[in-house]
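The values are calculated or read from the model by the stated rules, or taken from the named source; none is laboratory data. Worth saying up front: this structure is predicted, and the values here are computed from it rather than measured. All Cβ positions, even for glycine, are placed from backbone atoms using ideal geometry, and neighbour counts span all protein chains on display. When the accessible area is computed, the model is the full protein with side chains, heavy atoms only, and any ligands, DNA or RNA have been set aside. Shrake-Rupley method; radii C 1.70, N 1.55, O 1.52, S 1.80 Å.
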Amino acid sequence: MSTIADEAARRRTFAIISHPDAGKTTLTENLLLAGGAIRAAGEVAARGEARRTRSDWMKIERDRGISVSASVMTFEFENLVFNLLDTPGHEDFSEDTYRTLTAADCAVMVLDAAKGIEPQTLKLFEVCRLRDIPIVTFINKMDREALEPIALLDEVQERLQLDTSPLYWPAASGQRFAGVVDLAQNQFIQFERRPGEPPKIGAAPRIGADEATLKANLDESVFGELTEGMEMATGLLPEFDVEAFRGGHMTPVVFGSALRHFGVAELLRTLQLYAPAPRDQKAERKGEAITVHAGDSAVSGFVFKIQANMDPNHRDRVAFLRLCSGEFRRGMRLKTAGGKQLNIHNPLMFLAQDREIAETAYAGDVIGVPNHGQLRVGDSLSESGEIQFAGIPNFAPELLRRARVKDPMKAKHLRKALESLAEEGVTQLFKPSIGSDMIVGAVGQLQFEVMSERVAAEYGLDVVFEPAPYNVARWLSSDDPKLLEAFLDRNKAASGTDLDEAPVYLAKNAWDVGYAQEKNPDIRFTATKERAL
Ligand code: G4P
């Protein structure tokens, strides 16, 4: 019988971060193949299609070739349970990605070998750094002309302030790409360009990496480049140190080609060897700071994402709950720190193939909790209802728009629709103190387009997003509630509340915010809101 601690210890929960087009989708599919979760290439896409047919609001997603909704893929590989958290690739959904990363214990950073670090990689990396999430680097597309490997690693070191330690070293790239040296095993893994059958992941032939064997098997110029590169790498770069990796200071590097099924087994092996088991989580219990350990027996977890209307006919919501401790059993009753109770009869496990009913789950696992809107992003659930994990912040939106429904009789319906979409946490809904405007905030323009589509498809309403009288929103707080109340009274025309009735300052521009701040030093104007503990 395995104990709760043993079960937790065999979980590996990770996310893949990358700039669009670096190869995240291709790599995901190949990792699932390598892990035995799916059988043939193309099945992730097929599964995606099935999901899209189920919820056709994802039309916009299909049209634009972006993945808006995050999902979780679970697979078991050599006695470890991997939970791969999918993150949206488009930068307008970066907040969603941020939250998903709060549920990951490790990240794989995919770089395009010809491009190195790109803007979105940098942003996502910063999120990982905030939470000290250890990162494995996968340098993809080695089958295309690449930058010098040493230059790529230099860039990671320079721009991310992260020590790099290659576990493999590539022999040339593009047409001349010949394979990689497995530095720990001192073997050379050959890249074969076979027409016809796609190569099996992890089946690439291995030969000795001694000078004579390499010389006999490689082009002279490739051999020269390889030995020179390896000399530099082993001379200049630090040896892999698992503690430095787990602390978020060093990244092991794997080179490959996701499209050609090369290097993926090596990446999975790297995760298997080094990715951390579910981390301890900081929390509060009755106002006291505590640490929740993955092996603790009482069940606890936090909601990092809400998906509304997965099934448009049922107005259901699925809250994605990352478990932090205990053995969750189907039918269990959990409570939020705010006192709400939920009987979880039909939890969902997101196995690679499809959604399935979960019987048990442990720290590191993610379960989908169907509910009718009781749960919010950042909520903590536990058996006692006394545990609250450190907050998942809300970010002030970059864009504000006034929402209007074409048929004025339907204004109430629109408010309901916007409220339930805002509950997902991707967009925000503000209510000015004066008037009945509905002000919607989002990170990017694309979110308004997605919202219009969804409001039409899921609620049958024709919504227009027009310029709002405000462009900036800031949450307001003060140590002295009276001062805050007085400020709100004086500033009725420039204030309102968010979905949770928290006071916000609504301003024309950043200058106004600065001015108000200067005049009211006792009031805090914040661009992020942590859910109250
Ligand atoms: P993303 O999710 O990060 O946005 O990237 P995705 O996997 O969709 O890959 C982006 C493009 O890069 C795709 O080409 C994909 O085939 C290609 N790609 C991914 N990995 C490799 C690799 O290792 N080598 C090479 N040469 N290409 C790779 P596309 O033309 O945009 O799409 P498709 O028509 O091939 O699907």
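In debye, nearest 20: dipole of the chain around its Cα centre with unit charges on the Cβ of K, R (+) and D, E (-)?
On the way: 63 positive and 78 negative charges, 413 e Å.
The calculation lands at about 1980 debye.
For the chain, what does the relative contact order come out to in percent, with C-alpha contacts under 8 Å and a separation of six or more? Kindly include the intermediate steps, with their values, before the conclusion.
Details: 1157 pairs, mean separation 72.8, N = 533.
14 percent.
Order Ser165, Ser2, most accessible first, counting only protein heavy atoms with a 1.4 angstrom probe. The partial results should precede the final answer.
Working: Ser165 5, Ser2 65 Å².
So, going from the largest accessible area down, we get Ser2, Ser165.
Find the accessible area per residue for region 394-531; the probe is 1.4 Å, ligands and nucleic acids are left out, and the unit is Å². Walk me through the numbers on the way to the answer.
Details: 6910 Å² over 138 residues.
It amounts to 50 Å² per residue over region 394-531.
Sorting Arg10, Arg279 by accessible area (1.4 Å probe), largest first, what list results? Provide the component values of the computation, followed by the final result.
Details: Arg10 45, Arg279 75 Å².
Descending order: Arg279, Arg10.
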Open item on the list: Need one value: the accessible area of Val299 in square angstrom, 1.4 angstrom probe, rounded to the nearest 10.
Closed with: 0 Å²
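222 nm [θ] for the chain, helices only, -39500 (n - 2.57) per DSSP H run of 4+, per residue, to 500? Mind dumping the intermediate values first?
Values: 15 runs with 156 residues, N = 533.
Rounded to the nearest 500, the figure is -8500 deg cm²/dmol.
Ignoring ligands, DNA and RNA, please state the percent of accessible area on the chain from carbon and sulfur, probe 1.4 Å.
Numbers: 11400 of 23460 Å².
Here carbon and sulfur together make up 49 percent of the probe-accessible area.
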Open item on the list: On a 1.4 Å probe surface of the protein chains, which of Leu418, Leu237 comes out largest in accessible area, and what is the full order?
Closed with: Leu237, Leu418
TODO: Using the heavy atoms of the protein chains and a 1.4 angstrom probe, tell me the accessible area per residue for region 225-354 in square angstrom.
DONE: 44 Å²
Open item on the list: Just to confirm a number: summing +1 for Lys and Arg and -1 for Asp and Glu over residues other than Ala204 whose beta-carbon lies under 14 angstrom from that of Ala204, what do you get?
Closed with: +1
TODO: Tabulate in residue order the Karplus-calculated ³J(HN,Hα) for region 506-516, using 6.51 cos²θ - 1.76 cosθ + 1.60 with θ = phi - 60°, rounded to whole Hz; enter x for Gly and Pro.
DONE: 10, 10, 5, 7, 5, 4, 4, 5, x, 5, 4
